[in-house]
Amino acid sequence: MQTKIPVGILGATGIVGQRFVQMLEHHPWFEVAWLAASDRSEGRAYGEAARWRLKTAIPDKVSKMQVSPATPASAPKVIFAALDASIAAELEPKFAEAGCAVVSNSSALRMAPDVPLVIPEVNAGHVRLIETQAWRKKSGGYVVTNPNCSAIGLVLALAPLDRTFGLDILGNVVPYIAKEEEKMEEETQKLLGQLNGSHVEPGAFKMSAQCNRVAVEDGHTESVSIRLKKKGSSVEILEAWRSFTAEPQQLRLPSAPDQPVVYLEAPDRPQPRFDVDRGAGMTTTVGRLRPCKVLDWKFTVLSHNTIRGAAGAALLNAEYLKAKGYLG
Ligand SMILES: NC(=O)c1ccc[n+]([C@@H]2O[C@H](COP(=O)([O-])OP(=O)(O)OC[C@H]3O[C@@H](n4cnc5c(N)ncnc54)[C@H](OP(=O)(O)O)[C@@H]3O)[C@@H](O)[C@H]2O)c1
């Protein structure tokens, strides 16, 4: 039997940290070997330190593990990071410096020119930026990030359209969460941009985002309006979504959904309550495609914020890195 790769979770007691614990419980390649959080949790059993919020039971083995200090000294070489941005900005470079592959969820380093911001179905090739990082050259360590939880669903729905028709201008109608709108705009341009040696040329389209927080347990819903460079019919747009697959599906990565984007015909879908768990939370669900009188088309996008938008996104990045030989 193949030995699993030991992995650690930074910020393991938080909401996203718990998702990592849940998604790694039966993972075929990775095994949780180390958990770290703040001083508040250090030294305590994980089951006591974490206020477990998920619907599945806390895994027995992990529940008994002791929470380690958040330093690289005793950490494994693969680290999933689920820290607040200000703490991530301090800790993630320390782990990369110490030779760890840091697969991060946080916004701290996402826009750094040499840090790949990756959705493997969309811009897997951007992982090559790893080779330009000073940590990589010095210790072998590096940082790879996944996008903000709102940008990820949006970009999964836009990527097939960008490939087939090209994006001209897109405007997204969704109202205020601090820095959320800025992240959606700049991250979408980096994700749909072109790798150019040691940096990514941002996608050449304009974007305007508005974000509102609403009382939903899980799931980010986005109302999107777009203009396409090459005009397409609704049939062609639906076909671009339906046929969209990429390397994660071809490589059969364990967390890759069979279909990254699913379109629902019913006029009142997608809805978080019924659609958020599609593809084990990794599929983006789209609905309500209709002509837009200002731009070209409008539609609704739904994706799971802590699975496809956080832990699942990082896990798929790590699976892709392993498949490409970046995890040793
Ligand atoms: N929640 C979401 O829907 C969502 C979705 C996508 C991305 N994200 C991003 O994921 C990251 C984590 O979010 P979250 O909602 O999981 O946050 P959270 O629930 O507040 O958890 C934060 C984690 O960081 C740990 N921590 C705090 N201060 C620390 C320190 N000085 N050193 C080491 N660890 C420390 C906490 O440990 P203690 O328990 O010991 O305090 C906890 O484990 C953020 O960057 C967030 O933007 C969140």
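Calculated mean residue ellipticity at 222 nm for the chain: -8500 deg cm²/dmol, from DSSP H runs with n ≥ 4 weighted as -39500 (n - 2.57), summed, divided by the residue count and rounded to 500. Once all protein chains are placed together, residue 87 keeps about 80 Å² accessible to a 1.4 angstrom probe. Stretching the chain fully between residue 51 and residue 265 yields a gain of 73.2 nm (0.36 nm per residue, less the alpha carbon separation). In terms of the mean number of neighbouring beta-carbon atoms within 10 Å, the peptides 194-201, 307-314 order highest first as 307-314, 194-201. Charge dipole (Cα centre; +1 on Lys/Arg Cβ, -1 on Asp/Glu Cβ; no other charges) of the range 72-203 amounts to roughly 580 debye. For residue 190, the solvent-accessible surface computed with a 1.4 Å probe is close to 20 Å², ligands and nucleic acids excluded.
Rounded to the nearest 20, the size of the Cβ-charge dipole of the chain about its Cα centre is 220 debye, with Lys and Arg at +1 and Asp and Glu at -1.
If you take the alpha carbon atoms of the chain and fit the smallest convex hull around them, that volume is 128 Å³ per residue.
Taking DSSP loops as anything outside H, G, I, E and B, show the longest stretch in the chain free of GluC sites (Glu not before Pro) there with at most 11 other beta carbons within 10 Å.
Between the exposed loop sites, the longest stretch runs 1-216.
For the range 181-246, the square roots a ≥ b ≥ c of the C-alpha gyration tensor eigenvalues yield an a/c of 1.5 or more together with a/b not exceeding b/c, which makes the shape oblate.
Kindly provide the chymotrypsin sites (Phe, Trp or Tyr not before Pro) of the range 220-298 that DSSP labels as loop, not H, G, I, E or B, and whose Cβ sees at most 15 other Cβ atoms within 10 Å. Qualifying residues, ordered by number: none.
The values are calculated or read from the model by the stated rules, or taken from the named source; none is laboratory data. Owing to the predicted nature of the structure, the values given are computational and were not obtained by experimental measurement. Every residue, glycine among them, receives a Cβ derived from its backbone with ideal geometry; neighbour counts consider all protein chains shown. Keep in mind that these areas ignore ligands, DNA and RNA; they rest on the heavy atoms of the full protein, side chains included. Shrake-Rupley method; radii C 1.70, N 1.55, O 1.52, S 1.80 Å.
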